[in-house]
Structures are given as C-alpha cells and as structure tokens.
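Accompanying notes for the structure given below.
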C-alpha cells in the first residue's frame, strides 16, 4: 500500500520519544538530517555555557578546578557515556579528539603485541583513522604495516600475524555496520586486540563493548551525542587492560601524581592514563548537556525509531523517486546498518545543495554519495515524508541544475 | 623613601593602560594575581559564546564550518598570536594542548637530526614538557636521552651531540627568564634545533621568535592571553622548516587535501601540518576574545608596567614583611624574569590559603613557593599595596595558622 503524509503524522502522534524534540533547537523550516556530522543544539547548552563562563571562569576563577569539578569532568562525562556503549564506570573518559585517542590506543596495543606487525583496517574508512595509524607506523619505524580490507573481506584478513584489528563500527559514507561481536571474537582467536571507532554508532544504536569483549574503543561526541562543534572525543579501555595498556602522549594529567610536579613520568594505572593535559573546559562542559538527554532516553527505543525512520525513508525514496538516478547504498538489513541512509547519485553534489536550500539538510561525500543521518531524538516521521517530497520537487522541476549549486569547496 | 598607598593611587591615575581593566571581569573585592594560572574573563567572552552556540551551532549548523570560518579559526587565531611573539603570518596555529604540541615538535625535530640522541631540558620545568618527551623517547625506542640542566648550566650542556634544546622561556615556579637569544644561538652553533615553550611568556613580555632565529615553539592561551579555561595552545614553526618538519600525529586536518578523503596520508607543507583533527570550536572561538584585547595593546607598554608592578611588589614585600620567613626567589634583574614573583616560605601553603580567603588570589607550588602573577591589562598599582597590606595583616594576627588552611589537595 502506498504511503500518504497522514500515515507519518499518525506515527508521530504515537511516538513515545516525540517529546525529546522539544529539548533541541532546530531552525524554523529545517528538516535536519545531518546529525551524523554535527548534532543539533540542545536548548540548555546556552545556560551551561553561561554558568561556565560567568560563574566558574569569571567569578570563581581557578577555584573551579575543584569547586566546579573541572579536573574530573573527563571522568564524569566518561561514566555517563559508558552507559550508552556497554562499558563500566572507570572505563571511559572524554578528552582530545578521536584521531588523537586512536593514536594512543593503537600505540598502546602494538606495545602489547610486540612480535606482530600487522594492523587490519578498512581502507575506505573515514581517513583520519588510517592517517593516524600511518603516522604512528612511520614514527615507530619498526616495520609495522596496515592490511587494508573492505567490508566482507575483514574476517579473512585476520590471521595470526595480526597485532590489532582497528575498525569503525558504522561506515561514515555507506552507513554499513560491522559485526562487532564476530570480528572481535576472530581477533581474539588469533591473539590480536580489537579497537573500535564508535564515531557513527555511539548514541545511534545500542553498543555493547563489554558484551563483545572489546579491548579498546574511541568515539565522537559531536555527532549523535549532540555535544557541540568539535567537542572532545571519548576513549574506552577495558578494565582488564588498564595498567598494561600505556599510551605514549604522556602529559601531566596522565601522571600518577599530577600535582606532585615530579621530574619523571609515572603512568597512572586507571583510565586517566589515556588523558594527556589540560582540556578546553568550555567545550567539554557544554558537551555534557547533550549527554544528559541520553541519560533519560532508552537506547533500545532509539534504535527502534531509527530503524523505522530509515526503513520509511528508503521506502519513500524507492516509491517517490523511481526513475531517477538514485541508488541506495546503505544495506537494507537492520543488523547491517547504523542510523544513516546513503544514496549514490551522479549529480549528488548539486542536488544536495538544492535540497539544503530547500531546508532539508543532509551532506555530500565524494565522489557521489548523498548522506542522510537520522537522530531519533529530534527527527520526526513526518520529516521523512516532507524531505522526500522536497527532493521529488527538485528532481521534477530540475531546480538543482543551476551553476551556483555546482561550486565545490563546501565543508559539509 | 618609604612608599605610601597614595603613591600607588597616583601611579594608577597616570597609567596609560588603566582603561584595559574595564574589559575584564574581576570579582568584587578580589585582587587577582593568578593570571599566570588562569587569566581573568574578558567581559565580551559571553557574547562570543552566545554567537557560537545560538547562531553558528544552533541556527547555521554545519554551514558554520565555512560561513563562520570554524575550519580556518586555527590559522586566524595563529596569525593574531604571531604578532605578539615575533612570528609572521602563516607560522602559528592554535590547536590541541601545549603538551601535545610539544610532542609533535620534538618528534619532528628529532627526525631532522637523525644522528643525534640528546635533548637538553630543564629538570625543574613544569613537568608536562618532560613527561611528554619521556613518553616520546620510550615510544621511539631508539636510544634518545634527556640531558637535564638547570638555570646556569644550560649553555654548558649544549654540546655537539645535542639534537634539540627544549626549554620553557619563563620558569613556572621561580619566574626566571632564560636568554632565548643566547641559548638559541648556542644550539645552532652546535647544529641543534631550539624549541621554546612560551606558556609563561606569551602575552607577559615581548617575545621575538624570528629575531632570535628560533626553530619551533609552543605556548598556552589560558594564562596571560586570557583565552578561557584550558583553551587551545598555539604552535609555531619557522617558515624555513615548514615542509621539512613533519609531526607524527597525522590527523585529517593536517592532510594536503582533507576533503578528498584519500586513503593515504600526504602531509601539508604549511603550518597546518601541525594540526591534527577537529578542534573543540566553542573553546577555540571564545579564546579569540582575549587575544583581540592584545591586538589593541602594546607589548612594550605591557612589559613596562609588568616590571614596575613586580618591582614595587618586591619592594613592598621587603619593606612591609621584613622579619617574616619570606624569601623572594624570582631574580630582581629585569632581563632575568617574566611577569611573576615567587616567594619561598615554609608555611607557604596555609598562608596562601589565608590570603586567598582575604581576597588576594595567588597560588602555591610544592614544596614551598607562593606564586603571584601580574597581568598588566587588569592588575593595578594600588593592588600591589593592598595585596601586601592584607598579607601583612595575616602575618601579624597569625590568622593563617588554622587547621582548615592546612588541608592540602587543592588544585591551585
């Protein structure tokens, strides 16, 4: 049966998560399907920033390192994120960026497997992960190599010369979801360690790091977790590895006694060894606001709505845009995808620009991918209908075919 | 002639920089002498945060990477900082922390001197620098070693086996100032590279990196530059080394074509190679507000007032507190010190706590240093008189000798 707009209005009326949308600011007239790039702003972000700036910085000044808990914010936020990714208290902190944290983890992991030289990675992954490991290998100069494998080839690439398997759980471009459990198991079977990048899965779907016996992980807070532009990443090290996994960017926050100001480095033996030095506090503190919304949500409910939104979006694309050059590249199977839908299209770039101008914000990834991310906390069912309707109008009247939409160079 | 309070009131009346104090918020009744730990809040910080949160994040969302210049903010701020430290446009960016930037620079410099194994550092330096280099050495595993030398021993420690001389310009604890020019020259004479940490000199006194032919430098923005708690550090690489000095934390922002999403890393050949990945934008943007105040100030005037403030403070300590256990450890000579005065005192910890309670905010560094930092932009002459007066009262009535002031554990 063909869907109508009313079907979507009804779904919204019966959506137990609909009230969460009130906690975010979405600009008037905008359908925001780019939460996988930059999550929307929680309305309470401004109040938190005001508190940090006027009260903590302006009035309390250095006292805030203790009084406002600045020094321990990295652990406080980590304990909250832990509940979303199947980790325990004391296994996660927020600090630095995803890439820096990945450098730390891979360096620590390679030290734990000194006789092995191979790191399995996905060549088509978001490149910062590959670049960081390439930089590390060059720096170590000990003959490590990356064995690149694509989706479908990964289990086969994990042989007993592998030190570390380092993969991104959900692919940034296609949205495909790796089988964390099976791949981690295979890594362990051959004696390797498994490091997962959760940039496109934390907050997007339930993740169970300890359930899958994952060794280490990193992830981003400014996408599905709505932490604010560039807000600090998180890093996970399973309890069993803490004290053994020692990262090399050994700033004073990772010292056993940071305020003793000793001359020589002594590593902490807890998760804080993964920190480096003084964090940009304003960004860190404001990122807690997005996280706190998740503390009141249920990841299973989020996943249920996410799959329904994406199922419907794909169905509408196929129903309403049949005959145009759109090919859905995200897997249809639920257990094979995250919370995004990627569509390949030769004119994807100008079409996406036209769509953004029409108020439907997705983004484009070269060479031909139109990318739509779905954050169930603030995306509604009727958004699906309206987004596809606006895309259909653009295709029907050809309004994407304008010179100003073809100027590449946008950071989207 | 003995000084009176009125002398200080007169000095303030004739201070051409006095108006800058209006641009900062200092809590009622507080004399803030801890700008060398956390600079005071510029009053416009809140407006900038509001713009970033409500307009750029909340309303414009991902468009802000271009429209609000988020992606190029690291260079925009760097070009401003360059004017304060004797660097040129395109030689400085803001990113990451001081420690991380030091790791990058020392790693790059060691690669440029592959046959040398020695790094000269000051053992009593703020430890994060030493820790970072110790971590790097351990990671490289190629037999590098740190040759620790203290003030007065440094020139003698620079021999022709030295790869890198890595020092902090002004000492965090004693406030002594190294001779950047002479030490850099000696480093170059033996074929070594000179890396300077400007955490306690950027914004505190005129620095002339290119005038001294310095190779690379790092520094902090949350102390004298008033950038906000933990705001991003800056990193300088002299133009002549850009393209040759390649740092190993190779995230996507340092790639030659970051938006081509290539599989393999290709280093940029400009200063941006020193960046890593997505920066916490809110902290970064707000830190520009403090920097902009400096763009209207004159570093020579700042230095003149700083020296006068510290001269007077030391004179008052000696006049008013004669007979107590206070010993000024900061050198008296102008060319041997930064913008802080450090006083050793056996009961320094509880005395500092009592002083803070009395509204004079300095800090304490183990084992016995009471530390006072002087930011001429917002510290007045009469603050000198009143601070020492309050300290004298505390000593005379013994009010520091209370159990609650002796509980160590504060992060100050």
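The values are calculated or read from the model by the stated rules, or taken from the named source; none is laboratory data. Being a predicted model, the structure only gives us computed values, none of them experimental. Positions of Cβ are generated from backbone atoms using ideal geometry, with glycine treated the same way; all protein chains shown enter the neighbour counts.
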Notebook entry, point to check: Somewhere in the stretch A:293-301, is a residue in contact (Cβ under 8 Å) with a residue 40 or more places away in the chain, assigned to a helix (DSSP H, G or I) and under 25 Å from residue B:280 (Cβ atoms)?
Noted result: yes
Next item on the list: Filter the stretch B:35-44 down to the residues that are out of contact with any strand residue (DSSP E or B) (no Cβ under 8 Å at 6 or more places or on another chain) and within 23 Å of residue B:356 (Cβ to Cβ), then identify the one that is farthest from the other protein chains (Cβ to nearest Cβ).
Entry: B:39
Next item on the list: Of the conditions (1) assigned to a loop (DSSP other than H, G, I, E, B); (2) at the interface with chain B (Cβ under 8 Å from one of its Cβ atoms); (3) touching a strand residue (DSSP E or B) at 6+ places or on another chain (Cβ under 7 Å), residue A:221 clears all except one; give me its number.
Entry: (2)
Notebook entry, point to check: Which one is surrounded by the fewest Cβ atoms within 10 Å (Cβ to Cβ), of the residues in the stretch A:270-286 that are touching a strand residue (DSSP E or B) at 6+ places or on another chain (Cβ under 7 Å), more than 8 Å from chain B (Cβ to nearest Cβ) and touching a residue at least 60 places away in the same chain (Cβ under 8 Å)?
Noted result: A:270
Next item on the list: Would you please name the residue that is nearest to the other protein chains (Cβ to nearest Cβ), looking only at residues in the stretch B:256-269 that are surrounded by 17 or more Cβ atoms within 10 Å (Cβ to Cβ) and closer than 20 Å to residue B:91 by Cβ?
Entry: B:267
Check: Only one of (1) buried (at least 24 other Cβ atoms within 10 Å of the Cβ); (2) under 30 Å from residue B:292 (Cβ atoms) fails for residue B:165. Which number is that?
Finding: (2)
Item checked: residue A:92 in contact with a helix residue (DSSP H, G or I) (Cβ under 9 Å, 6 or more places away or on another chain), more than 14 Å from chain B (Cβ to nearest Cβ) and at pLDDT 95 or above -> yes
Notebook entry, point to check: Here are some residues: A:10, A:23. Which one is under 23 Å from the mean Cα position of the chain (by Cα) and modelled with pLDDT of 95 or more?
Noted result: A:23
Next item on the list: Report yes if residue A:301 is under 25 Å from the mean Cα position of the chain (by Cα) and either at pLDDT below 95 or over 29 Å from residue B:70 (Cα atoms) (or both), otherwise no.
Entry: yes
Margin query: I'm checking my understanding of the structure. Among residues of the stretch A:90-120 that are free of Cβ contacts under 8 Å to residues at least 60 places away in the same chain and over 25 Å from the mean Cα position of the chain (by Cα), which one is surrounded by the most Cβ atoms within 10 Å (Cβ to Cβ)?
Written below: A:118
Item checked: Condition met for residue A:250 (more than 8 Å from chain B (Cβ to nearest Cβ) and either surrounded by fewer than 23 Cβ atoms within 10 Å (Cβ to Cβ) or farther than 20 Å from residue A:222 by Cα (or both)) -> no
Notebook entry, point to check: Is at least one residue of the stretch A:126-134 within 17 Å of the chain's Cα centre (by Cα), in a loop (DSSP other than H, G, I, E, B) and closer than 24 Å to residue A:212 by Cα?
Noted result: yes
Checklist line | Candidates B:187, B:194 - the one that is closer than 26 Å to residue A:261 by Cα, crowded, with 22+ Cβ neighbours inside 10 Å and touching a strand residue (DSSP E or B) at 6+ places or on another chain (Cβ under 8 Å) | finding: B:194
Next item on the list: Take residue B:80 and decide whether it is at pLDDT 95 or above, assigned by TED's automatic domain parsing to the domain that holds residue B:212 and buried (at least 18 other Cβ atoms within 10 Å of the Cβ).
Entry: yes
Check: Is there a residue in the stretch B:374-387 that is within 17 Å of residue B:323 (Cα to Cα) and either more than 14 Å from chain A (Cβ to nearest Cβ) or touching a strand residue (DSSP E or B) at 6+ places or on another chain (Cβ under 8 Å) (or both)?
Finding: no
